[in-house]
1. Of the conditions (1) at pLDDT below 95; (2) open to solvent by 40 Å² or more (accessible area, probe 1.4 Å); (3) aliphatic (A, V, I, L, M), residue 358 satisfies every one except a single condition; which number is it?
2. Mind counting the residues in region 64-97 that are open to solvent by less than 10 Å² (accessible area, probe 1.4 Å) and either on the phi > 0 side of the Ramachandran plot or of a type in the set (A, V, I, L, M, F, W, C) (or both)?
3. Within region 225-250, track down each residue that is hydrophobic (A, V, I, L, M, F, W, C), assigned to a helix (DSSP H, G or I) and touching a Leu at 6+ places or on another chain (Cβ under 8 Å).
4. Condition test on residue 144, is it within 24 Å of residue 231 (Cβ to Cβ), open to solvent by less than 10 Å² (accessible area, probe 1.4 Å) and small (Gly, Ala, Ser)?
5. Tell me, which helices (runs of 4 or more DSSP H) lie completely within region 62-113 with 2 or more residues that are more than 12 Å from residue 399 (Cβ to Cβ)?
6. Name the residue that is nearest to the ligand (Cβ to nearest atom), counting only residues in region 278-307 that are open to solvent by less than 70 Å² (accessible area, probe 1.4 Å) and in a loop (DSSP other than H, G, I, E, B).
7. Can residue 175 be described as touching a residue at least 12 places away in the same chain (Cβ under 8 Å), within 30 Å of residue 127 (Cα to Cα), more than 16 Å from the ligand (Cβ to nearest atom) and open to solvent by less than 20 Å² (accessible area, probe 1.4 Å)?
Amino acid sequence: MFLYDNLKAQIPLWRERAAKLVREHADMVIDTVKMSQIYGGMRGVRSLVTDISFVDPAEGIRLRGLTVPQTIDFLPTSDQGTMPYVGGLYYLLLTGEIPSKEQAEEIELEWCKRSDIPPYIFQMLRDIPRDTHPMVMFSQAVLALQPYSAFYKRYHEGMSKEDYWEPALEDALDLTAKLPGIAAYIYNLKYKEGQEPDCANLDYGANFAAMIGVEDQIGYADLARLYFIIHSDHELGNASAHTTHLVSSTLSDIFYAYSAGLNALAGPLHGLANQKGLDWLLGVRDKFGGVPTRNQLREYTWETLNAGQVIPGYGHAVLRVPDPRFMVQLRYAREHFPEDPLIKIAELVFDVVPDVLIEQGKAKNPAPNVDAISGALQYHYGIEGFDFYTVLFGVGRALGVTANYVWARALNQPLERPKSLTTPMLECLVNDTDCKE
Ligand code: CMX
């Protein structure tokens, strides 16, 4: 398999690069931590390492060095649409190399072979009360796959550290192969009946479109590919990626770890903001009976802020410009359905809300993030159960966090364990007195 051979050849070189840095520069100071950062959610503290992606505050995400538009342009395009194969993106994330079409299709094929979902997962999902949030169902299903973990089995058989990455890769491929089917099953249980999977004939995006039974399957398949690709990775410090990384650093496997990562994604300040974002746009539409005037929208925005709420889809902990993941979705919507009233509202919001946030003077970044418009695109294709949107985010995010997971095991990254202090200790440091732990 191209992927396996590529990783096997690369891993020793990266191990040596990491070991050399530590060997020769163990005491080099990379960053310092301010009081405001300790109390401010550790924003900006440079203390993690990943080669999968990097978020530049002024530019946005680069996936293995590629901007979002480059990623879309350079990856091999699916035979069934105009967007790249998701399998090609996974090859890029795992290896750092742009795949050939054959290499991208090999991942698609590998996913198809591994896509069977054990029947007890479906039974469990059917038994969960139907009004349960889809993210609860999704996270439980991922955890329930754990008995199939190759990493768990090999670890308890007595595997050498050198070999951790191999069953980690097996598990990563298994999990990413099964997620679309699980997500679609949840969607069908809650909202509507789709079709049987057909991965022998349909790629990752098209198969998902078929499984959830959207009407415009060709159009939605392209959106699904785009959606999974742009949601895949956003450095290691975001809550879903970091949770997965932390949990798997105990050498629990990716099923335990990503189930936890999904629980982080389910928060409204993180992945659930796509659901909240659409909710807010629909609130605007319903209040004004369509696209409001600029003044009406300004007032509506102030009402939300004055009620002590955030404007979902705006602001970011790292970014300081409009999120390129927002821009690429906006471009997609303008190209494919510019007359959709919700897209028109989203465009007007993009025009009006940043100025209001600047006027309010709190948000460090008044610009839209990925969640400001993603719901409106899903809604266009008839995905109206919008508590499902974070599940879609979760299918995409798995690609990035599992790639990180494979590399974390390949590089034998240790158990993560930052140090905490007490308030008196910090007060003591401030007063420059004798401080003891
Ligand atoms: N609307 C209103 N107020 C906002 C805001 C927004 N969209 N974004 C930030 N602020 C406020 C913060 O709530 C904070 O207020 P307090 O001082 O009262 O606590 C202040 O501005 C400073 O926040 P910040 O440093 O700019 O932002 P943070 O790094 O703390 O938080 C984020 C980042 C994304 C949680 C925040 O911008 C937010 O809540 N946005 C809305 C929710 C959202 O879109 N989340 C999705 C992010 C992308 C993702 O992970 O999926």
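The values are calculated or read from the model by the stated rules, or taken from the named source; none is laboratory data. All values derive from a computational prediction rather than experimental measurement. With ideal geometry, Cβ positions are generated from the backbone for all residues, glycine too; neighbour counts draw on all protein chains shown. When the accessible area is computed, the model is the full protein with side chains, heavy atoms only, and any ligands, DNA or RNA have been set aside. Shrake-Rupley method; radii C 1.70, N 1.55, O 1.52, S 1.80 Å.
1. The failed condition is (1).
2. Looking only at that region, the number is 7.
3. First pass over region 225-250, keeping only residues hydrophobic (A, V, I, L, M, F, W, C): 226, 228-230, 236, 239, 241, 246-247.
Applying the additional criterion that residues be assigned to a helix (DSSP H, G or I) yields 226, 228-230, 239, 241, 246-247.
Within region 225-250, 228, 229, 239 meet the criteria.
4. Considered against the rule, which asks whether it is within 24 Å of residue 231 (Cβ to Cβ), open to solvent by less than 10 Å² (accessible area, probe 1.4 Å) and small (Gly, Ala, Ser), residue 144 comes out as no.
5. The qualifying helices (runs of 4 or more DSSP H) are 68-74, 101-113.
6. 307
7. yes
To keep it simple, each residue is scored yes or no on (1) free of Cβ contacts under 8 Å to residues at least 40 places away in the same chain; (2) away from the ligand (no atom under 15 Å from the Cβ); (3) surrounded by fewer than 21 Cβ atoms within 10 Å (Cβ to Cβ); (4) part of a helix (DSSP H, G or I).
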{"site": "309", "(1), (2), (3), (4)": "yes, no, yes, no"}
{"site": "312", "(1), (2), (3), (4)": "no, no, no, no"}
{"site": "338", "(1), (2), (3), (4)": "yes, yes, yes, no"}
{"site": "352", "(1), (2), (3), (4)": "no, no, yes, yes"}
{"site": "379", "(1), (2), (3), (4)": "no, yes, yes, yes"}
{"site": "384", "(1), (2), (3), (4)": "no, yes, yes, no"}
